[in-house]
Structure formats: C-alpha cells, structure tokens
1. At 20 °C and a viscosity of 1.002 mPa s, what translational diffusion coefficient does Stokes-Einstein give for the chain, taking Rh as the Kirkwood radius over Cα pairs? Give it in µm²/s as a whole number.
2. With all protein chains present, how much of the accessible area of the chain (probe radius 1.4 Å) comes from carbon and sulfur, to the nearest whole percent?
3. List the aspartates and glutamates whose Cα lies under 17 Å from the Cα of residue 87, skipping any in the same chain that are fewer than 8 positions away.
4. Projecting each Cα onto the charge dipole of the stretch 1-133 (Lys/Arg +1, Asp/Glu -1 at the beta carbon, about the Cα centre), which of 127, 10, 103 comes out farthest on the positive side?
5. In square angstrom, what is the accessible area per residue of the stretch 16-62 with a 1.4 angstrom probe?
6. Scan the chain and report its longest stretch carrying no trypsin sites (Lys or Arg not before Pro) that are both in a DSSP loop and have at most 13 other Cβ atoms within 10 Å.
7. I'd like the Kirkwood hydrodynamic radius of the stretch 107-195, using the inverse of the mean 1/r over distinct C-alpha pairs, in Å.
8. So which chymotrypsin sites (Phe, Trp or Tyr not before Pro) in the stretch 1-93 end up in coil per DSSP with only 15 or fewer other C-beta atoms within 10 Å?
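The values are calculated or read from the model by the stated rules, or taken from the named source; none is laboratory data. Predicted model only: the values in this text are computed from it and were never measured. A quick note on method: Cβ atoms are made from the backbone with ideal geometry, for glycine too, and the neighbour counts reach across all protein chains shown. Areas reflect the complete protein model, heavy atoms only, side chains present, ligands, DNA and RNA absent. Shrake-Rupley method; radii C 1.70, N 1.55, O 1.52, S 1.80 Å.
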Amino acid sequence: MFTQEGLTHLFFNMFAVFMFGRILESVWGTKRFIIYYFVTGLGAAALHSLVSLYGLHNMQEQFYAFQSTPDAGVFAEFVRSHVSNPKLLSELMQFVDAWNAAPASAQFAGQAEYYMQGIIQVYTNAPAFGASGAVFGILLAFGMLFPNTELYLMFIPIPIKAKYFVLLYGAAELFFGLQNSVGDNVAHFAHLGGMLFGFFLILYWRKHSKKFY
C-alpha cells in the first residue's frame, strides 16, 4: 500500500486520494478515514491473493495434465496463455516448432516440463504493490456518500454523476479481470477487493452508527 510502480502510478493514486479522500475525511473524521483506508487496502490484497491462488491452481492442473500426456500442442497453449514477454514467447514457440518436427522425442517433453515449471514459478513470485485497492475503496465511498455529485473526467468535457462513474469503473475492472489478458499486469481484482470491502464496511457503519452519511 505504500509502494508504487513509478512516478506516474504514484501521482495518479495520490491525486485521487487528495481529490476524494480529503472530502471523506472531512465528513468522517481522520480516525474513521484511516480505518477505512487500511480496511480497503488490506481487503484488496486479500481478494487479489485469493484470485491469484485460483489462477495458480489452474496452472498446476494444466501442468499435471501435461505430465500425464506430454504434447506439443498442450504446451503451446499453456505458453500462449501465460507468457507475455514477446521475446520469450517467440523462443518458446520456436521450441514448439522443433518439437513438432520430432514429436516422439522424450528430450523435448522433458524440456517443456522444465519450461512450464519456470513459468509457474514466475507467476508464483510475481509481486503486487500499490495503493490502488484503497483508492478504489475511496472512489466507492465517494459514490455512495455523494451519488449525485457531477464529475468531469480528464479529457472528457461531459459531466457524469459519481454513482454512475463508480458503477462503470467497477464494471470495467470486472470485465478486464475476467478477461485475464496475457500482458495485462494490472491487479484488477485488487481494485474490486477495495471496492467490495469498502461497500460492506460502509453498510456496517450505516447500520451501527448513530450518525453516518
């Protein structure tokens, strides 16, 4: 939550915190805002971790299926689904072409298994960082507390109500998360996790607080 990919990532996240977070803090107070920020950030990490574990499980199942029946086509499909580096992808597809030229070679099958283990290891060790999950929680809270406030998006001179902005943004994150495109290094489900945990925390506060907006 306190590391960013670069200056651009840092700027846009902190700009959102400044624009929307200060309004929430003025309504809730500093203590409640900090609690909300940490709950949504940790909730984002929790959902991202669960989705990553599910993805790892699927990769391992594909690997076990390959072990039982080694095949160049199965390996090629695995590579296309999980390798985003163009140079590495090209090299692995050249390996597939060579294997297709000698399909009975046990050496190719063993090498393919080694490559698959490496790809799974890279996926397992890929870090996730950034404050975006908490930022999306802040956007969700703003949309719930000030649903009819009109926002002007950058480069789009047409106002949109906060509630519709949040719904569209959440739907887009869900769409891209389910797409799971190779090369997409955005943790979409972390964003959704921040929104989801924020939503339930606000509902809890509304039910149990005597004064809540």
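1. On the way: Rh = 19.7 Å.
D = 109 µm²/s.
2. Working: 8380 of 13090 Å².
Looking at the chain in its full context, I get 64 percent from C and S.
3. 77, 97, 184
4. Looking along the dipole axis, the top candidate is 10.
5. Numbers: 2600 Å² over 47 residues.
Here the residues of the stretch 16-62 average 55 Å² of exposed surface.
6. 1-209
7. Working: mean 1/r = 0.0643 Å⁻¹.
Evaluated over the stretch 107-195, this radius sits at 15.6 Å.
8. Working: sites: 2, 11, 12, 15, 18, 20, 28, 33, 36, 37, 38, 54, 63, 64, 66, 75, 78; in loops: 2.
Passing sites in the stretch 1-93 are 2.
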